[in-house]
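Written below as structure tokens is the structure these notes are about.
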Amino acid sequence: MYLMNQTMRWYGPNDPVSLSDIRQAGCQGVVSALHHIPNGEIWTLDEIQKRKKIIENEGLEWNVVESLPVHEAIKTQTEGFQIYIDNYKISLQNLAHAGIKVITYNFMPILDWTRTNLSYSFEDGSKALHFDTAEIVAFDMFILKRPNAGNDYTEDEIIRGQNIFDTYSDEQKLQLQNNIIAGLPGSEESFTLKEFQKALDNYQNIDIQKLQKHLIHFLNAITPLCDDLNLLLALHPDDPPYPIFGLPRIVSTATQIQVLFDSVPNKSNGICLCTGSLGVRLDNNIGKMIEQFANRINFLHLRNIRSSQYNNFTESNHLEGNINMYDIVERVFHIMQKQQRSIPMRPDHGHQMLDDLKKKINPGYSAIGRLRGLAELRGLEYGISNNWKKDNI
Ligand code: DNO
Ligand code: MN
């Protein structure tokens, strides 16, 4: 019987959550990255092996990298991008050599995942991550003052954004700015207002078609190598799954993802199915996506969100929210039996709760909230697998 390989993200020796904590939570492995190496530089075999040893010394495995970051020059195809692709390929070779199997990356322009509030009070007293569309407008139009930003919003959104801006203190405005562009954990960059506007300007002539072409070019360059090395790629979807700040997004829907497989059918070309990212769009049928991309799911991020008015959303508990987690885990379980393989999974984020409320944490990546998420998910899988065993073994 094949079960999900249970993991948590570990940010390396500076992570306030220790490997021992992760092991006690029940994980078999961790998902890690060499965050100290600047984006675009080669991950040397030596550095990779050093990290691997630390993980293995604690009795855990390092099977999945998240993320091997894609340099902005590759996304925009500007000066030096060929060199960055060559560097990327060397890092892939080194990772394969060290025995790592799954490589997660994303192709979101400039910003990785985005939220407006990193300590939103959840109904039970825990803290959650939250996305408020009016706060995005307030930042974009009235703090950043992006030229022509007004064209991207409805009249009603602009009124709500203006209202937020007018009622926020200077301190709240700065907090909002930091939440949006100071870089969430795992993002490779953080920005000042000026730097952010400059980064946006680099995308002035890049629309959806062009960005898609750039991703396909990148995939054509790296997938033959990954096929040879038996590496599996896992492209993380856009979070949230629609354009923000006028930037193009190309990994938000099943149609967009299918284009990538039709264009680059190589076997290593795959996705990280993140239910919390894709689930923000109510027109994304995640159960259907799991069936459609069954051969291409190389990594799972399982978490839930709850949408509210105006497309705002809050990260909810793992078994409550837009996503029917029972349906997701059951489908994944049957795919794993059919394909005779385990798929690595992490509970993605969790709430800041209990003792962690008193601690300094990486937003979304505190120990106890993720432990709760993992416990719920493994219980769900345990039930599904035992029920299946009754009829199959
Ligand atoms: C969002 C989270 C992020 C994600 C990175 C991938 O759903 O999973 O931390 O890992 O955006 O690059
Ligand atoms: Mn995710």
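Where a number appears in this text, it was derived from the coordinates with a stated rule and is not lab data. Here the structure is a predicted model, which is why all the values come from computation and not from measurement. Note that we place each Cβ from the backbone using ideal geometry, even for glycine, and neighbour counts take in every protein chain shown.
Side notes on the structure shown:
- Relative contact order, percent, the chain [alpha-carbon distance under 8 Å, six or more residues apart]: 18
- Share of Cα-Cα pairs in the chain lying beyond 30 Å, as whole percent: 39
- The sum of -39500 (n - 2.57) across all DSSP H runs of n ≥ 4, divided by the residue count of the chain, sets its helix-only mean residue ellipticity at 222 nm to -13000 deg cm²/dmol.
- Listed by chain and number, the aspartates and glutamates whose alpha-carbon sits under 16 Å from that of K359, ignoring those within fewer than 8 places in the same chain, are D15, D21.
- Counting neighbouring Cβ atoms within 10 Å and putting the fewest first, the residues S169, S277, S18, S316 line up as S169, S18, S316, S277.
- What separates the Cα centres of the range 90-165 and the range 277-294 is a distance of 20 Å.
- For K288, the aspartates and glutamates whose Cα comes closer than 16 Å to its Cα, not counting residues fewer than 8 places off in the same chain, are D327, E330.
- Relative contact order, whole percent, for the range 117-194 stands at 25, derived from Cα pairs under 8 Å and 6 or more residues apart.
- The antiparallel fraction among DSSP beta bridges confined to the chain stands at about 30%.
- Percent of C-alpha pairs per 5 Å bin, the range 284-363, short to long: 3, 12, 20, 21, 16, 12, 8, 5, 1, 0
- Farthest positive-ward along the chain dipole, Cα basis, beta-carbon charges - from T154, L235, I164: L235
- Distance from the Cα centroid of the range 1-24 to that of the range 330-393 is 12 Å (rounded to whole angstrom).
- Here the range 145-279 is treated as a Stokes sphere of Kirkwood radius computed over C-alpha pairs; at 20 °C and 1.002 mPa s its diffusion coefficient rounds to 123 µm²/s.
- Check: the range 132-216 dipole with +1 on Lys, Arg Cβ and -1 on Asp, Glu Cβ, in debye: 360
- Reachable lysines from K198, criterion Cα separation under 21 angstrom, eight or more residues apart if same chain: K75, K145, K173, K210
- If you run the Gaussian network model on the chain, springs between alpha carbon atoms under 10 Å, then out of I143, I222, I103 the most flexible one is I143.
- Inverse of mean 1/r across different Cα pairs in the range 117-194, Kirkwood, Å: 13.4
- Segments 229-236, 23-30, 196-203, 247-254 sorted - mean Cβ within 10 Å per residue, highest first: 229-236, 247-254, 23-30, 196-203
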